[in-house]
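Report on the structure given below.
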Amino acid sequence: MKNEGRVLMENRITFYSTHDLAFSMEYVRIKERIKRLQNLSKPGLMDILELAQICRYLDTGNDSKKTSNSEKVIKKEINKWFSTISIDNLISEITRSSLSKQYEDELWERIALSKYSDNEVKKILTKYSDNKIVYPMRNKKIVKKYGYSILQNLIKYDGSAEIILSRKENGVTLPSELVENEEDKILTQYIDSKRPNPGFLKAISLDGTASYSVRLRALKKYSSTIEKHFQEHHTGRIGTEINVEITTDLNANQDYDVQKEENGSNIKLIIRFNGNHLLNLVDWPTILNNFEFIFGLINSDGILNMAPFTEQGGVLERILSETGTGMFPDNFTFKQLASIDILSFNAYYFFLQRQGIDLERIIEWFFNDYLVKNFKIEGLSISVVNAMSSSPELKTLNAMSQLHRIIRMYSLFSADKYFDRDLIDSFSDTPRFAEIGSIAHDKYIKVLDQGLVYAQYVLFSDQSPLSNSFEQNVGKSIATNNQKWSDFNEYQTAILDHLIRLHILQHDGKKLTFTDPSMYRLLHSSFTYGVIPTLKLDPFRNNKMLQKWSAKKMVIYQPTLLTPYESNLFDYYFSDKYPNGLGLRNKYAHGAFNSIPISMHRLNYMLCLLFIVLIILKIKNELDLNDRRNQ
């Protein structure tokens, strides 16, 4: 065997960091790989780079049996290889190799330290066109010395603006030769490309180094792109056609019915709710309950179903999602679930109207009467424009202002458990959605300890290093007593030992179990929702493990009305936090809605009402559970 040639990249040793989850798994393979690589009569580029990666492990000093001589031999072999290979042969090796980011970094570090001439390095750079130019740009020495050559590659690449704008995230250094007019040229080229990423368009519009004309050009393209995105989003055209209707044709024992029709690659999802049941459930408290128990806007843990959750959607879908840096994860699964909730809400709204019931009046009743009679909370009154108002713009503007009023009112009330009606007039600033308070100081528990975060990942992630061929996540298999110690490979047992040291798992030599029956639900809730909801988990309030975690500051209590994922959902539709968001709040707050079509005003009005109802459900759920807890 002359060399390892086409050995798959994932089978080679890769050094990430001493803190990376893969460290221990990679480390146990080092001896075998060193022996195999050093026995090669004609090692290739990937073989040499793997040896260099192995040296990084040896440099950590974690191998008690290593000798300085063996490391010196490996480094000498690496240096000899790079000093003897011709530039043409090196370029040939680079061209036919598929290198990971770590291997590319290793290669350019070796090139920077080599004695190649300037012309030879420039010749290598010609092979790094398009998005591959990011790799030499991660090496400061290369950028400093060959900035002009790198700049020429950037100018030729349509996506170079993304490299410039995400330089911090990618660890990229920009060449000093990139003067303002050249940067504007690159940014303009990107703005005018066929499919620019909305996140980067928004970033260009806010980039203080770009000229005003370029920033304005980016803002206009961003606005048109987002408008098109939301038109498609709200009509349900997301790859699966979704229809929601309320009908009287269903059997008496059916609350709803779901049918799926497939025609080639086209899928039509038809959701029908039983109108006969709903006709008998028209008192106002029950109508609010219907949003929870029939239409499922909020789940049994008190979490909004519309909010995204950890690892939402399949692996391939998450990989292929077109979300850029700082963007909301509005992948196919999110859009589908959101569309179902939006269309279900719309269907029920108009169903109620046909029965002579205005949802707007129910919203007013909840704050003006229901809270007073059931919880002795006075002063949280609102007024929503009549449903039959002839001006969609005014209706939407009023609904938006009432949503903000509700947020201000409840934030003030949750802080002191008291509300002064006059106080709302002097409290003009609307809190961020993530800052809306809760009347329960321990509403949610946020995990801070990295050991527990790591435990959540390996137990519940579909990318867990503990996963083999199990149909369900490893944590669920352990919770149902279906997981044996013998099911795992040697490198996986090292991870399990770590979970045992954290007192999360235990084993009797045969089966693995959680140390506490509540452990599965605690960690799974944290992994899924980003927090542990405690109001629905009364038995866990006095959980000894939680108390221990809290005492050691491994977790903190989070007294907010919304979970982080839920507040992100509100930000997606109303604030400017996300470049791919709708940003309705500022459009209506600053009078920038004159150019919005009437049809979009109607859609935005229904969105505002939906999110007011979602806030009501969160408030009602919190007050009900907290009242029950304190009885």
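The values are calculated or read from the model by the stated rules, or taken from the named source; none is laboratory data. All values derive from a computational prediction rather than experimental measurement. Here the Cβ positions follow ideal geometry from the backbone for every residue, glycine too, while neighbour counts run over all protein chains shown. Accessible surface is based on the protein model in full, side chains and every heavy atom, while ligands, DNA and RNA are left aside. Shrake-Rupley method; radii C 1.70, N 1.55, O 1.52, S 1.80 Å.
Computed from the C-beta positions of ASP283 and ASP508 and an R0 of 60 Å, the FRET efficiency is 0.60 to the nearest 0.05. Computed with a 1.4 Å probe on the full set of protein chains, the accessible area for HIS507 sits at about 80 Å².
In region 444-558, one over the average inverse separation of all distinct C-alpha pairs is 14.4 Å, which is the Kirkwood hydrodynamic radius.
Note on LYS122 and ARG432: their simple-model spin labels are 4.8 nm apart, each label 7 Å out from Cα toward Cβ. On the beta carbon distance between GLU32 and ASN489, with R0 = 22 Å, the FRET formula returns roughly 0.90. Computed from the C-beta positions of ASP576 and GLU378 and an R0 of 41 Å, the FRET efficiency is 0.75 to the nearest 0.05. Around the amide H of GLY44, modelled in the peptide plane, lie the amide H atoms of GLU4, GLY5, all under 5 Å away and 5 or more residues distant in sequence or on another chain.
So if I place +1 on the C-beta of Lys and Arg and -1 on the C-beta of Asp and Glu, and nothing else carries charge, what would the dipole magnitude of region 444-558 be about its Cα centre? I want it in debye, nearest 20.
500 debye
Of the residues GLY159, SER97, ILE34, the one whose Cα sits farthest towards the positive end of the charge dipole of region 21-196 is ILE34 (charges of +1 on Lys and Arg Cβ, -1 on Asp and Glu Cβ, taken about the Cα centre). Taking every C-alpha pair closer than 8 Å and separated by at least 6 residues, the mean separation divided by the residue count of region 21-196 gives a relative contact order of 16 percent. Applying a threshold of 18 Å to the alpha-carbon distances of LYS31/LYS75; LYS42/LYS132; LYS144/LYS185; LYS42/LYS75; LYS76/LYS115; LYS476/LYS553 flags LYS42/LYS132; LYS144/LYS185; LYS476/LYS553 as lying beyond it. Rounded to a whole number, what % of the accessible area of region 444-558 do carbon and sulfur atoms account for, probe 1.4 Å? After summing per-atom areas, the C and S share lands at 48 percent. Here the simple spin-label model places points 7 Å from the Cα toward Cβ, and for ARG96 and LYS140 these points are separated by 3.7 nm.
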